Each structure stands twice: as C-alpha cells, then as structure tokens.
C-alpha cells in the first residue's frame, strides 16, 4: 500500500510534488495549505487561552481552538483524497472502449471520477470557509505576540481557496450534470467572496498594527 502523502517527510513530499507524475498536484497542495492554516489558528488560540493575561478571551478562543484542531485532520484527509481522485480519473480514461458496452461503461466511469475530482476541492473550500472565521477571530482576540501567525493563517486560507477553486473549475466542463455544475459554481463564488473579504480585512488591520 502506498504511504499516505501526509505521512511522508517534507522533503519526500516536495520531491513527489516536483516529479513528472501529475499527482500530487494543486488540489492536494490547497488542502495542505488549509491544514497548515488550521494548525496556525490552533496554535494562536492555545497561546492565548493558556496565558493568564488573556483569561477573559477563553470563552471565545476555546471553541476556536477545538474547531480548528478538528479541521487539521479533515484537511489531511483531503490532501490524500484529491490525489486519489485524480488518479481515478486517469484510470477511467484507460478503460477499454472497443465495444458499445465498453464505451458506455467507460463513459459512466469517467463521469463519476470527474465529478469526484471536482467534489474534493469543493469540500476543501467548504472547510476553508469554516476556518476563515476562526482565523479572523484569533487575529482579533489572540495573543498580540502571535498576530503575524494569525495573519499567516488568513493568507494561507486565501491562497488555498483560489487553488481549490481552480481545481473545481477545471473539472466542470467535463461533467454532464447541469445541476451539479451550477451548484458548484455558485458555492465557489460565494466561498471566494467570503474568504477574500476576511483575508483582505485581516491584512489591512494587521499591516496597520505592525507598521504603526
């Protein structure tokens, strides 16, 4: 059994990413960026709630810590699922297509695989959308000494969202399900607007504080 991507040493993962193999690719890196962002949000929350100076912020940040910590594993799973989904697409295109029955089976398999290849980055976007609120909260209420880490989480979420969107969009033209395509486009647009607004506001506030 192939070792899970998130269990690889960093250097090995980067070498896999740099190889001529198309997987892992952008979708997995979007999920990995989400995992790193969730870890940073968790760290800032913990640095705050465990500091006696900030006990009044515990009611806000303890739930943030719990939610962000749970998302780390969710993003880790998405790193692997994205690679698995694209590998499935490749395999379906290699199915035989000599007879009408084979062509029908192949076409159905391709549709299922391509839809999954769009579904996984959609789920990455859903997770990023949930995380961005908590990243904004730790930037606002977190230990000021870790403000740059909270800002880093927001910017990772912003970048990961754009990458996940690309990986949804690139698969939609191959999907013959108009309802799925319309819903996917709507969700991507909504998530990008929400995440961009939070990241932009956070950057403006943080840059002002750090350069004052």
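The values are calculated or read from the model by the stated rules, or taken from the named source; none is laboratory data. Remember, predicted model here, so these are calculated numbers, not experimental data. Positions of Cβ are generated from backbone atoms using ideal geometry, with glycine treated the same way; all protein chains shown enter the neighbour counts.
Considering region 142-156 alone, what residues qualify as being more than 16 Å from residue 204 (Cα to Cα), assigned to a helix (DSSP H, G or I) and in contact with a helix residue (DSSP H, G or I) (Cβ under 7 Å, 6 or more places away or on another chain)?
146
Please work out if residue 76 is within 11 Å of the chain's Cα centre (by Cα), assigned to a helix (DSSP H, G or I) and surrounded by fewer than 22 Cβ atoms within 10 Å (Cβ to Cβ).
In short, yes.
Test of understanding: among 162, 127, which residue is within 17 Å of the chain's Cα centre (by Cα), in a helix (DSSP H, G or I) and within 15 Å of residue 25 (Cα to Cα)? Let's see the steps before the verdict.
Numbers: 127 fails: within 15 Å of residue 25 (Cα to Cα).
Just a single option satisfies the conditions, and that option is 162.
Would you pick out the residues in region 1-25 that are buried (at least 17 other Cβ atoms within 10 Å of the Cβ) and either part of a loop (DSSP other than H, G, I, E, B) or modelled with pLDDT of 95 or more (or both)?
Residues satisfying the conditions are 23, 24.
One line per residue, one yes/no per condition, for (1) within 30 Å of residue 49 (Cα to Cα); (2) touching a residue at least 12 places away in the same chain (Cβ under 8 Å); (3) under 19 Å from the mean Cα position of the chain (by Cα):
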{"site": "92", "(1), (2), (3)": "no, yes, no"}
{"site": "107", "(1), (2), (3)": "no, no, no"}
{"site": "113", "(1), (2), (3)": "no, yes, no"}
{"site": "118", "(1), (2), (3)": "no, yes, yes"}
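Could you tell me how many of the residues in region 175-185 are surrounded by fewer than 15 Cβ atoms within 10 Å (Cβ to Cβ), assigned to a helix (DSSP H, G or I) and touching a residue at least 12 places away in the same chain (Cβ under 8 Å)?
1
Quick check, is residue 102 more than 25 Å from residue 170 (Cβ to Cβ), buried (at least 17 other Cβ atoms within 10 Å of the Cβ) and either more than 13 Å from the chain's Cα centre (by Cα) or at pLDDT 95 or above (or both)?
Considered against the rule, which asks whether it is more than 25 Å from residue 170 (Cβ to Cβ), buried (at least 17 other Cβ atoms within 10 Å of the Cβ) and either more than 13 Å from the chain's Cα centre (by Cα) or at pLDDT 95 or above (or both), residue 102 comes out as no.
Here are some residues: 4, 57, 67, 50. Which one is under 17 Å from residue 144 (Cβ atoms) and touching a residue at least 12 places away in the same chain (Cβ under 8 Å)?
Only one candidate passes the filter, namely 57.
Do we have any residue at all in region 203-212 that's more than 30 Å from residue 108 (Cβ to Cβ) and outside any helix (DSSP H, G or I)?
Yes, there is a match, as at least one residue in region 203-212 is more than 30 Å from residue 108 (Cβ to Cβ) and outside any helix (DSSP H, G or I).
Evaluate region 41-56: report whether one residue or more is surrounded by fewer than 17 Cβ atoms within 10 Å (Cβ to Cβ), closer than 21 Å to residue 121 by Cβ and modelled with pLDDT of 95 or more.
So far as region 41-56 goes, no, none of its residues is surrounded by fewer than 17 Cβ atoms within 10 Å (Cβ to Cβ), closer than 21 Å to residue 121 by Cβ and modelled with pLDDT of 95 or more.
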